[in-house]
Amino acid sequence: MSVLLNKIRKIRKQWQAFWAVNWIKTYYFNYKMFPRAIARKLPVFIYGNYKLTNLGGQLIIDAPIRRAMVGFGHPFEAQTRSRGAGEVVIAGIFVVKGQVHFGKDVYFHVANGARCEMGHFSCLGSQCILICKKEIVIGDYVRIAYQTQLLDSIFHQLIDLKTGAKKPVSAPIAIGSYNWIGNRSTIMKGTRTNAYTIVGSNSLCNKDYSDLEEHVLIGGQPARLLQTQITRDWEGEQHILEGLIR
């Protein structure tokens, strides 16, 4: 009896996984963005009702091509419902270095002339916002928790009334590998972090933190050094994390 129940559960899980994919948008995305030889392998999956607003740019996969290696709306988190707010704009260049996934209701925007790069096994959790007007580079195994926003532009020109100087509107963002960014944080233009940096929840990062050592915790508004010699248990969690998206 238990063997039969296990088989039923397995079939049910496979069935649910199949119908979680928006196959029409998945085929459209792949054949719009890639040559036929790559598109037929379906390296990108679209889950749910993601809006594909602009696919006029380039998606470059700098890794061996495999099925479903990039997922928009991927159900890897605990919540099962979506607000239907997910949206993709790739007007510039988007480079992926391996398996990359986006949670539900993410707004992902790479503007014309901009470049965004995401390393292997990096992710944006549900309801995150990434707007790239110039350059955003995210390393390998970067986990960005829900409702976080990454903005390399302030979008509006600021002028110093004392000097008349105009402040830069945009500046690159560089997030080191094995970073863990807590939920509801804001990563602003000019932010740079080393590998193995933890950003506490509800933090504001708005400068270059690369003068800090690796394995640090930063947090606050604006973020500052809170603790050294601390790290997430990446080795212990790796098989769990990888199991969530297979």
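The values are calculated or read from the model by the stated rules, or taken from the named source; none is laboratory data. This one's a predicted model, so the numbers in the text were calculated from it and none came from an experiment. Every residue, glycine among them, receives a Cβ derived from its backbone with ideal geometry; neighbour counts consider all protein chains shown.
Looking only at the range 66-91, residues that are among the small types (Gly, Ala, Ser), crowded, with 21+ Cβ neighbours inside 10 Å and assigned to a loop (DSSP other than H, G, I, E, B) come to 2 in all.
Number of residues in the range 100-115 that are under 17 Å from LYS189 (Cβ atoms) and part of a strand (DSSP E or B): the value is 3. Number of residues in the range 14-46 that are at pLDDT 95 or above and part of a strand (DSSP E or B): the value is 3. Output the residues belonging to the range 29-65 that are surrounded by 16 or more Cβ atoms within 10 Å (Cβ to Cβ) and either aromatic (Phe, Trp, Tyr) or without any contact (Cβ under 8 Å) to a residue 24 or more places away in the chain (or both). Within the range 29-65, PHE29, ASN30, PHE34, ALA39, PHE45, TYR47, TYR50 meet the criteria. Within the range 17-46, the set of residues being among the charged types (D, E, K, R) and within 24 Å of GLN79 (Cα to Cα) comprises just one member, LYS25. The residue that is modelled with the highest pLDDT, among those in the range 160-200 that are assigned to a strand (DSSP E or B) and of a type in the set (D, E, K, R), is ARG192. Applying a threshold of 8 Å to beta carbon distances and a minimum spacing of six or more residues, or different chains, the list of pairs starting in the range 120-136 at a residue that is more than 18 Å from GLY48 (Cα to Cα) and ending at one that is of a type in the set (Ser, Thr, Tyr) and part of a strand (DSSP E or B) reads LEU130/TYR107; ILE131/TYR107; ILE131/SER153; LYS133/SER153; LYS133/SER170; LYS134/SER153; LYS134/SER170. Can you tell me which residues in the range 145-159 are of a type in the set (Ser, Thr, Tyr) and part of a loop (DSSP other than H, G, I, E, B)? Selection gives TYR146, THR148.
If you take the residues of the range 153-197 that are within 21 Å of VAL96 (Cβ to Cβ) and hydroxyl-bearing (Ser, Thr, Tyr), which of them is surrounded by the most Cβ atoms within 10 Å (Cβ to Cβ)? Restricting to residues being within 21 Å of VAL96 (Cβ to Cβ) and hydroxyl-bearing (Ser, Thr, Tyr), the top hit is THR193.
All conditions but one from (1) at pLDDT below 95; (2) in contact with a strand residue (DSSP E or B) (Cβ under 9 Å, 6 or more places away or on another chain) apply to LEU59; the one that does not is (1).
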